[in-house]
């Protein structure tokens, strides 16, 4: 080689060769074992951030490693291209979302290619392309025919600025998560998919996902929220019985009031004759229904002046309207047992409602004067059921109610049907038409194409006033009709994109047999923030596609890796109104201690201190690092190396300018070592050794180090601990640089080749450009990633001597080398006779000698 390491020229040349030879094209006809690796695809915002780089580097490392194991790897990339950001940007920039999105995709594609990711670009698509979304439109109509799709009027969170429905999770402190506008409650017609019909399977099949993090599975279990209990009917004069669901029928004798939602028919009826109740209902309409907000907000209520009849005792029970009861959860009514539920207790105490204890501890009495007793126990004040345990009473009381048709055992789920309607423009049109009477029918021709030649002159959807889109001939009757102008929630596109990658060129069906070849995805990678919504919807869609006959597997993703976020030093001050004002790193002067740690910072403009924290990288915090600037400065391989070395994949990565510079220095060391030994490597090529002098102590020691590292690297790649893989490569380079090559005689070149072979193979998935270049120079003529991965030579791991660390009372006092065949007594004797150890034992009595085989000796003395 005999030249300086120039990552820019090397990387561009290698990438050009990969592209020209289409190295990463996936082939279903291969007889190799398949491996499908996928990262959650990006929204085309126009510019990669470091979170993207980390996520996609993790996926690329896994893909390249699996390829080196001899597998046929599918590793695709595409674009989650519909959604509000493009529409809002188009309004701001007075352009159309389609052109804005297309340009952003081009920019980000170039950035991804510059990082050297091994994507099969032949499979690329964007979800805003009609060739893609036509099939989800067709699929939606298939679900409609199966009774899994319906439209109904529903109360929604309405953002008056963004002019669209928001999920509860998108409402923060009563405001829209993007616009910041106060959210309104509205009732509008909405399309739904019956995800609740799959609630039990979505829950039970989590047990089969052995490759998923427990935290993600727990979040999904909680979101689905299965609860077993009883539905109980409380008679109400002049109205239908008030039905409530409870998981604690054992507490039914403790009911002292019932609470209904503000939109419950009883509340609506009562409001007709009460201004106070009407005003309370209006107040509830402005309250956030997000679960987190419901937990923390003040619990308020108003008596409706209506009484219900207790189904067992016949007692009169007052009915209240409360702001913590939601109409779209359960029956919109709850039975309140203040003695045994803390929320009910606080509400009853606030409004002076009775508190009746009916559960006592198994031993002793319950004190409900200060707080509710919420544990299981034994029944008291419960008539014929007194003395039963809570578990016994649950069954007995439920059976008693069922016999009298006053209640029944029931399983409830927290999960609600998926509302997929959105009122904005930039999304997939919902494929339905309406006749003159407003009756909905599914479209019969696809795609129902979204017009892209539009002018965004406000937040309202332009297609809602576009006659050329709205007015059509009814496909069944031939009469005048109108199109649906709502579009799909963008989770719809991301719920099945992974399957379309298997056959993106198919124009006659949604999927074909290639989907069954590749699915399920063997490795999926993305942030834990998608643990519930996206991952749950994707699992649901997969089961739907199975039941429609498109695929034959049950789950979409076999193994899931949730990568940690990328964080960085963040600088801010609190300004007059209490808000935080952030500053870029270039705007502050940082002071450090002798070890280089940050001790403080001041704003350059005024010399006054700023607060330093570590936060997730983002534009709002002004702490982002531009990946392109790092690539231009250090090269893609260094950026990749740093993101893998700085932290395990599932933990947060703290950005460090010094560390990335250190990564660059390490790659130069690798380059320089190969350059220094280029003659030997050219003649011996990069390959494992055979037939070397096994009696040579230098060879034996270096090969022991080498194959110990290889064994560890193989283990770490399998468990996806890539930071320790990079550390192992650094350890091997240290050994290679310190090796006494002259002492190895005629076998030196062969050992250099073996070390070089290992260095290239260890680093190849992480720094593919440098390693592929070195492989072309010194290895064989195949592409590096078509070559086999590393194999451990077990013979090289056999040791003649073993080094033991010797401790006295837990403190390191010496080291000894003993024969590998030495017995425990010999190891003890050598440890006790070590010169420095004897010095620390002088005057002490040895009480015990603990030998940890092949590692350490600890001498306990006093």
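The values are calculated or read from the model by the stated rules, or taken from the named source; none is laboratory data. Only a predicted model underlies this, so the values are computations on that prediction, with no experimental measurement involved. Virtual Cβ from ideal backbone geometry, glycine too; neighbours counted across all protein chains shown.
For every residue, the table says whether it meets (1) in the same structural domain as residue 33 (by TED's automatic domain parsing); (2) part of a helix (DSSP H, G or I); (3) within 20 Å of residue 76 (Cβ to Cβ); (4) at pLDDT below 95.
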residue	(1), (2), (3), (4)
525	yes, no, yes, no
529	yes, yes, no, yes
536	yes, yes, no, no
540	yes, yes, no, no
543	yes, yes, no, no
547	yes, yes, no, no
550	yes, no, yes, no
553	yes, no, yes, no
Quick check on my filter: what residues within the range 643-663 are over 10 Å from residue 630 (Cβ atoms) and free of Cβ contacts under 8 Å to residues at least 40 places away in the same chain? 656, 659, 661, 662, 663
I'd like to know if the range 832-843 contains one or more residues that are outside the structural domain of residue 700 (by TED's automatic domain parsing), surrounded by 11 or more Cβ atoms within 10 Å (Cβ to Cβ), touching a residue at least 24 places away in the same chain (Cβ under 8 Å) and part of a strand (DSSP E or B). no
Looking only at the range 193-221, which residues are exposed (fewer than 13 other Cβ atoms within 10 Å of the Cβ), without any contact (Cβ under 8 Å) to a residue 40 or more places away in the chain and farther than 15 Å from residue 528 by Cα? 204, 207, 210
Among the residues of the range 258-269 satisfying the criterion of being in contact with a helix residue (DSSP H, G or I) (Cβ under 8 Å, 6 or more places away or on another chain) and farther than 21 Å from residue 348 by Cα, which is modelled with the highest pLDDT? 268
Can you find even one residue in the range 607-614 that is in a loop (DSSP other than H, G, I, E, B), surrounded by 12 or more Cβ atoms within 10 Å (Cβ to Cβ) and within 32 Å of the chain's Cα centre (by Cα)? no
Residues of the range 441-452 that turn out to be more than 34 Å from the chain's Cα centre (by Cα), in a loop (DSSP other than H, G, I, E, B) and either surrounded by 15 or more Cβ atoms within 10 Å (Cβ to Cβ) or modelled with pLDDT under 90 (or both), as a count: 1
Count of residues meeting criterion [modelled with pLDDT of 95 or more, assigned to a loop (DSSP other than H, G, I, E, B) and touching a helix residue (DSSP H, G or I) at 6+ places or on another chain (Cβ under 8 Å)] in the range 342-367: 6
Candidates 287, 313, 251, 331, filtered to the one that is in the same structural domain as residue 350 (by TED's automatic domain parsing), in contact (Cβ under 8 Å) with a residue 40 or more places away in the chain, outside any strand (DSSP E or B) and crowded, with 21+ Cβ neighbours inside 10 Å: 251
All but one of (1) touching a strand residue (DSSP E or B) at 6+ places or on another chain (Cβ under 6 Å); (2) touching a residue at least 60 places away in the same chain (Cβ under 8 Å); (3) surrounded by fewer than 18 Cβ atoms within 10 Å (Cβ to Cβ) hold for residue 422; which doesn't? (3)
Would you point out which residue out of 535, 544, 519 is within 30 Å of residue 31 (Cβ to Cβ) and either free of Cβ contacts under 8 Å to residues at least 12 places away in the same chain or touching a helix residue (DSSP H, G or I) at 6+ places or on another chain (Cβ under 8 Å) (or both)? 519
Quick check, is residue 481 farther than 30 Å from residue 73 by Cβ and either more than 39 Å from the chain's Cα centre (by Cα) or not in a loop (DSSP other than H, G, I, E, B) (or both)? yes
Could you please let me know if residue 370 is free of Cβ contacts under 8 Å to residues at least 40 places away in the same chain, under 21 Å from residue 280 (Cβ atoms) and assigned to a loop (DSSP other than H, G, I, E, B)? no
Answer yes or no as to whether residue 747 is in a helix (DSSP H, G or I) and within 24 Å of the chain's Cα centre (by Cα). no
Go through (1) surrounded by fewer than 21 Cβ atoms within 10 Å (Cβ to Cβ); (2) in contact with a strand residue (DSSP E or B) (Cβ under 7 Å, 6 or more places away or on another chain) one by one and return the number of the condition residue 268 breaks. (2)
Looking at (1) under 16 Å from residue 212 (Cβ atoms); (2) in a loop (DSSP other than H, G, I, E, B), find the lone condition where residue 578 falls short. (1)
From the list 492, 571, which residue is buried (at least 22 other Cβ atoms within 10 Å of the Cβ), over 21 Å from residue 58 (Cβ atoms), in contact with a helix residue (DSSP H, G or I) (Cβ under 8 Å, 6 or more places away or on another chain) and modelled with pLDDT under 95? 571
Selected residue [assigned to a loop (DSSP other than H, G, I, E, B), touching a residue at least 24 places away in the same chain (Cβ under 8 Å) and under 27 Å from residue 770 (Cβ atoms)] from 70, 59, 51: 70
Residue count, the range 74-98, condition surrounded by fewer than 20 Cβ atoms within 10 Å (Cβ to Cβ) and assigned to a loop (DSSP other than H, G, I, E, B), comes to 3
Determine if the range 383-399 includes at least one residue that is buried (at least 19 other Cβ atoms within 10 Å of the Cβ), in contact (Cβ under 8 Å) with a residue 12 or more places away in the chain and assigned to a loop (DSSP other than H, G, I, E, B). no
Per the filter on the range 108-118, residues closer than 22 Å to residue 83 by Cβ and crowded, with 16+ Cβ neighbours inside 10 Å are 108, 109, 111, 112
Restricting attention to the range 591-606, which residues are assigned to a loop (DSSP other than H, G, I, E, B) and either surrounded by 14 or more Cβ atoms within 10 Å (Cβ to Cβ) or at negative phi (or both)? 593, 594, 595, 597, 604, 605, 606
Among 775, 783, the single one that is surrounded by fewer than 23 Cβ atoms within 10 Å (Cβ to Cβ), in the same structural domain as residue 713 (by TED's automatic domain parsing) and in contact (Cβ under 8 Å) with a residue 40 or more places away in the chain is 783
